[in-house]
Each structure stands twice: as structure tokens, then as C-alpha cells.
Amino acid sequence: MSKRIHIVVGHYGSGKTEFAINYALKLKETHEKVMIADLDIVNPYFRTNDVRQMLEAKGISVLASPYAGSNVDIPALPADILRLFDDKSSAVVLDVGGDEDGAVVLGRFRQQLEEEGYEMLFVVNAFRPLTKDADSILEFLREVEAASRLKTTGLVNSSNLQGLTTAEDIIKGQRAVEETAAKSGIPVAYIAGIPEALQGLEAQYGEKLFPIARFLDLGYEF
Amino acid sequence: MAEKVLVKGNEALAEAAILSGCRHYFGYPITPQTEIAAYMAKRMPKIGGVFLQAESEVAAANMVFGAAGAGARALTSSSSPGISLKAEALSYIAGCDLPCVVVNIVRAGPGLGGIQPAQSDYFQATKGHGHGDYQMIVLAPSSVQEVIHLTADAFDLADLYRMPVMIIGDGMLGQMMEPVEFDLGKRREIPPKTWATTGTEMKREHNIINSLIMNPDDLEACVRERYKRYDYIKEHEAMAEEYLMDDADFMITAYGTTARIAKNAIAELRKQGIKAGLVRPITLWPFPEKIYQKYTDKVSAILSVEMSMGQMVDDVKLAVGGKVPVHFYGRTGGNVPYPDEIIQSVLKITGGDK
């Protein structure tokens with residue numbers, strides 16, 4: 001968390017947006033100013049903008065396209081996006097769209113990002129068919145890097161089956177993520193999961209554990 | 001097999017199609033079904049299949065027409081405005097007695113409408129869709145797991161009855177993620193496709209695929225023959241889920257994700273002493289009329305809940321033939337009904353509202 005700019009990428013369904021929201025909340029514990037930007041231009045449903053009120057109530061600024069959550073499908077960025085780079089006193093979390101098309105957005109800011117430095121976290125859910133093992137994770141990661149023209153600095157094991165996730169599931173996902181780390185040289189930064197699933201893993205994984213509170217629910221049982 | 005994975009409805013549909021032997025996908029992107037195309041674009045080249053993004057929905061549906069004629073298991077998918085564009089080709093496919101699967105992940109309409117979920121294409125799906133006397137079998141899953149079963153069954157039904165089968169889901173079902181197992185369930189026996197244009201090898205007569213029939217009497221005979229098949233399907237393939245109907249004196253009816261929201265309302269209504277149950281059509285065509293008819297003496301009223309201005313409610317009224325009052329509650333424009341709204345509607349009908 002030493003850099004000012006934290007980029008969260010990964011496949012949709014990895015838990016990327018939940019992780020980004022939780023990460024912004026974590027940053028708020030140590031930073032006076034935190035911004036989160038919803039840069040998702042590919043997924044029209046379930047996005048950071050859906051929890052804008054909650055984040056703003058906690059003092060986190062939310063940058064999102066005015067079309068997010070509306071009935072229009074326009075791959076637009078927020079008009080005030082350059083605030084991310086102008087206000088150097090604020091920590092920043094970028095929630096990026098869930099595939100290589102979504103990551104294209106980052107290429108636009110490559111110069112600013114490289115000049116200032118960044119942390120780019122690639123969130124992995126090994127229970128998603130297209131990122132189920134080290135080879136498929138790396139294939140996806142390389143596509144996102146090529147589209148964004150940026151480099152991943154850390155892996156996040158966010159392996160989950162939503163509310164059904166158990167500690168065994170997280171350990172199973174961790175094997176795939178550790179193999180990805182070994183093959184790529186990119187370190188494992190966090191192991192994220194709902195608190196129930198992280199229980200009993202402290203001894204094994206220590207401070208890498210990152211408990212997640214779920215915010216993007218529907219308001220009723222499904 | 002049977003390992004749990006986490007997938008979106010759209011991805012589940014694409015993978016289930018591949019597992020069902022589909023190797024030909026023709027489509028054009030449109031929210032909220034684009035993940036079907038995106039998934040096919042990644043998977044098909046790896047398994048020797050065809051993913052083709054056509055220049056339009058019209059072209060994509062006609063490519064399905066061609067592939068189906070050659071005996072391939074072909075799939076196209078879209079969302080509401082794109083489905084309107086596919087109507088012409090689907091009419092030709094039905095007129096040629098060819099099997100195919102078409103997916104509509106419904107968004108709000110009419111016109112461009114909006115990208116949020118809706119069920120306002122019910123009439124379009126069940127009452128003809130394109131021009132001419134024809135039907136499509138229409139399957140309406142309500143969970144991501146059911147998307148998998150019904151996708152597999154859609155390909156079987158299409159081949160068995162040689163007709164287009166539509167899978168209809170609202171945008172929510174396409175976008176939501178659930179843990180699932182890729183278990184296709186029970187499969188059907190499919191006769192060999194002796195009618196397909198696969199080359200005669202000089203061993204048989206040419207197979208001709210055509211929907212132009214010059215003589216009115218011949219065309220009438222052809223359509224009547226087809227309707228005999230439709231009658232058989234009505235008799236044998238109608239499906240519905242009956243939920244807490246054993247002791248119910250009030251019926252809520254809904255399909256797709258709306259049915260799952262209705263279950264929340266039913267739990268609360270039962271706490272308040274109202275014995276509500278749910279009938280959830282799984283086949284929208286054939287409409288499961290007989291299941292409704294079982295309850296005409298048992299329930300005091302029926303409430304149809306839809307993400308539309310009231311479309312399926314007409315079929316419910318036809319099914320019960322005036323024996324039970326049929327009411328309607330709906331949201332439209334991309335809005336989803338909440339359990340509270342359904343509860344209030346029921347209380348209004350039963351006289352328990354404040």
C-alpha cells in the first residue's frame with residue numbers, strides 16, 4: 001500500500017470490484033483522502049457506482065461515468081477523471097473493467113501512471129472457468145497487461161464461490177495463484193475472502209489475509 | 001465432472017452450448033448478453049469451433065440458418081432489439097423445419113429501450129416472433145444452474161422436433177453469477193439428421209431445404225403437418241415448477257428471475273398467515289396450462305408478476321378459463337419488482353392491505 005495509485009484488474013467475477021471497494025475502505029484507515037474511480041467500460045451491472053452512497057458516507061470520493069447504472073450503454077469515462085492525477089494528496093483506487101477490453105482504458109493514462117508509479121493488483125478467482133489454473137490465469141493476465149500497457153505488481157487470490165466459500169476453497173485457489181506467481185515472478189500480495197472462509201488460515205498465510213465485506217448484494221435472498 | 005465453478009448466466013449458457021456439441025456460434029454484441037459472444041470468442045478457436053461476429057444480427061441469424069441446414073448444432077444470441085432483427089431468419093428456419101437455438105437476454109424496450117433487465121419480449125417469443133404460422137419452443141430458466149440444464153435440453157429439443165428453440169432470460173439472469181456444476185442432466189436420443197445437406201456422395205437423392213411452396217394446397221398441408229407436431233409438443237413438453245402449492249390458497253405466478261423474487265414474497269406472506277404458493281412456467285411455449293388448471297378449485301386468486309406491462313398474464317387467463325380471478329403486478333423500463341411490492345399487491349387482492 002506504499003504507492004499512491006492502486007489499480008485493480010482481473011476477470012469479471014473474480015471479486016475485483018468487491019476487492020477494490022474493500023481496498024479503498026482499508027486505505028481510508030490510514031489516508032485522509034481516498035478516491036475510487038469506476039473505470040469499468042465493459043460491464044453494465046454490479047459496479048462500484050452501485051455503492052456510491054455508502055462510500056461517500058465514509059468520506060471516500062467516487063468518480064464514475066454519469067451513465068453508470070443507467071439505461072444507456074456508453075463506454076464513457078467520468079468527466080472529472082484527471083482529478084486522479086491532479087490531486088496528489090489523495091490515495092487512489094482504480095476499478096478497471098473485467099477483461100482486456102476493459103483494461104484498454106488504462107493505456108490512455110500510461111504516461112502519468114509510469115511517471116508517478118503505481119501498484120497494479122491482478123485479482124484471481126480460480127473457480128472461474130477462464131482463470132482456473134496457472135496457465136489460463138497467466139494468459140488472461142498477459143492480455144490485460146498488453147491492453148493496458150502496464151505491468152502487474154501483485155496477485156490477489158480472491159478464489160470464491162460467493163457465500164459458499166470455505167477455507168479449503170481458498171487453499172485450493174492459493175495453489176493456482178502460487179503456481180502463477182512462481183511462473184511469472186509476480187508476488188502474491190493478498191488472499192482475499194469473506195471472514196468465515198479465512199478462519200483458521202492465519203497461521204498459514206498471516207498478514208496476506210484480506211477479509212472482504214460484501215457490498216454488491218441485491219437487497220433480498222436469491 | 002460436477003466440480004463447482006462460479007459463472008455468469010451468459011457464460012454458463014455459452015459453456016453449456018459447447019458441452020452440448022455446439023461448434024458454430026454466430027452473433028453480434030449487445031448488452032446485456034455480450035458475455036456469450038465474448039466467451040465463445042475465447043473458447044471456440046481452442047476446440048476447433050467457429051466463432052463469427054457477423055456484420056449484423058440479420059447476417060448472424062442467416063448464418064445459423066445455413067449451418068443448421070448442414071446439420072450443425074448452431075447457436076446465436078442477442079438481446080431484445082437484436083432479436084427483432086433475427087425474426088426474419090427464424091421464420092425461414094421454422095419454415096424449413098431446421099433446428100437451432102437462439103438466446104434472448106431481454107432488456108427494456110420498446111426501441112433501444114435500455115440495458116437493464118426486462119421480460120417485455122414474452123409476446124414476441126411465444127406468439128410467433130417472425131411472420132407466418134409457426135412456433136418456437138421457449139425455455140425460461142430462473143437460475144444459472146438451470147441455464148445449463150435448459151441449454152443442453154434446448155439443443156436436444158431443437159434436433160428432436162426440427163424447430164428453433166429460444167432460451168429467454170432477463171438481463172439479470174445473464175449478468176448474475178452463481179456457483180454451478182456443469183452437469184447437463186438427462187439427454188435425449190436424437191435421430192440421425194438424414195435431411196441435412198451434407199453432400200450426397202452420389203449415394204442418395206439431393207436433400208432440399210426450402211420454405212417456398214408454390215401451390216397453396218401443398219403449403220397448407222405442410223403447415224398443418226407442422227402443427228400436428230406442435231400439438232404433440234404441447235401435450236408432452238410443457239414444464240413448470242410448483243413451489244409450496246400443496247396447501248396454497250393463493251397463487252403467485254412468475255417466470256425467470258422474477259419467480260425467485262416472488263419466493264421471497266411468499267416466505268413473508270406465509271409468516272403473515274397467507275398461504276401463497278408459486279407456479280413458475282419453465283416452458284413459456286408450450287405454456288403449462290394443465291398445471292394451472294389443477295389449482296382452479298383450490299386458490300382464491302392468481303397474481304402474475306412480470307417485468308413488463310402484463311404479457312404472460314394473458315396466457316394465465318386463457319389457461320384458467322375464467323374460473324379464478326387473475327391479477328397482474330409488473331415493473332418495466334429496466335426496473336425489477338421488489339418483494340415488498342409483490343406482498344402489497346397480494347394484500348390488496350386478499351383484502352389485508354392497510
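The values are calculated or read from the model by the stated rules, or taken from the named source; none is laboratory data. Treat the numbers as computed from the prediction; the structure is a model and nothing was measured. FYI the Cβ positions are ideal-geometry reconstructions off the backbone, even for glycines, and counts take in every protein chain you see.
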From the options B:Val138, B:Val103, residue that is touching a Phe, Trp or Tyr at 6+ places or on another chain (Cβ under 7 Å), part of a strand (DSSP E or B), of a type outside the set (D, E, K, R) and modelled with pLDDT of 95 or more: B:Val138
Residue that is farthest from the other protein chains (Cβ to nearest Cβ) [pool: residues in segment B:175-222 that are out of contact with any helix residue (DSSP H, G or I) (no Cβ under 8 Å at 6 or more places or on another chain) and under 30 Å from B:Glu35 (Cβ atoms)]: B:Lys186
Tally, over segment B:33-56, of residues that are touching a Phe, Trp or Tyr at 6+ places or on another chain (Cβ under 7 Å) and either surrounded by 24 or more Cβ atoms within 10 Å (Cβ to Cβ) or within 8 Å of chain A (Cβ to nearest Cβ) (or both): 1
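Outside any loop (DSSP other than H, G, I, E, B), surrounded by fewer than 21 Cβ atoms within 10 Å (Cβ to Cβ) and out of contact with any Ser or Thr (no Cβ under 7 Å at 6 or more places or on another chain): does that describe B:Leu160?
Yes.
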Helices (runs of 4 or more DSSP H) enclosed by segment B:288-354 - at least 1 residues per element that are closer than 19 Å to B:Asn264 by Cα: B:339-350
Residue within segment A:168-177 that is within 14 Å of chain B (Cβ to nearest Cβ), surrounded by fewer than 19 Cβ atoms within 10 Å (Cβ to Cβ) and either without any contact (Cβ under 8 Å) to a residue 60 or more places away in the chain or part of a helix (DSSP H, G or I) (or both) present: yes
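If you go through segment A:47-60 one residue at a time, do you hit one that is more than 14 Å from chain B (Cβ to nearest Cβ), touching a residue at least 60 places away in the same chain (Cβ under 8 Å), under 22 Å from A:Leu141 (Cα atoms) and under 17 Å from the mean Cα position of the chain (by Cα)? It would help to see each step written out before you state the result.
In the first step, residues of segment A:47-60 are kept if they are more than 14 Å from chain B (Cβ to nearest Cβ); the result is A:48, A:51-60.
Still in the running and touching a residue at least 60 places away in the same chain (Cβ under 8 Å): A:51, A:54.
Add one more test, that the residue is under 22 Å from A:Leu141 (Cα atoms), and what stays is none.
Checked against the condition, which is being more than 14 Å from chain B (Cβ to nearest Cβ), touching a residue at least 60 places away in the same chain (Cβ under 8 Å), under 22 Å from A:Leu141 (Cα atoms) and under 17 Å from the mean Cα position of the chain (by Cα), segment A:47-60 yields no hits at all.
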Among the candidates B:Gly21, B:Gly111, residue that is on the phi > 0 side of the Ramachandran plot, surrounded by fewer than 24 Cβ atoms within 10 Å (Cβ to Cβ), in a loop (DSSP other than H, G, I, E, B) and within 14 Å of chain A (Cβ to nearest Cβ): B:Gly111
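Helices (runs of 4 or more DSSP H) wholly in segment A:81-141 with at least 3 residues that are surrounded by 21 or more Cβ atoms within 10 Å (Cβ to Cβ) and modelled with pLDDT under 90 - which ones? Quick ask: steps written out before the conclusion?
Details: elements: A:83-86, A:100-107, A:110-116.
So the answer is A:100-107.
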Residue count, segment A:96-149 (criterion: more than 14 Å from chain B (Cβ to nearest Cβ) and among the acidic types (Asp, Glu)): 5
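Free of Cβ contacts under 8 Å to residues at least 24 places away in the same chain, among the aliphatic types (A, V, I, L, M), assigned by TED's automatic domain parsing to the domain that holds B:Ser345 and in a helix (DSSP H, G or I): does that describe B:Ala267?
Values: free of Cβ contacts under 8 Å to residues at least 24 places away in the same chain: yes; among the aliphatic types (A, V, I, L, M): yes; assigned by TED's automatic domain parsing to the domain that holds B:Ser345: yes; in a helix (DSSP H, G or I): yes.
Yes; evaluated as a whole, the condition is true for this residue.
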Failed item in (1) at pLDDT below 95; (2) within 14 Å of chain A (Cβ to nearest Cβ); (3) crowded, with 23+ Cβ neighbours inside 10 Å; (4) not in a helix (DSSP H, G or I), with B:Met172 passing the rest: (4)
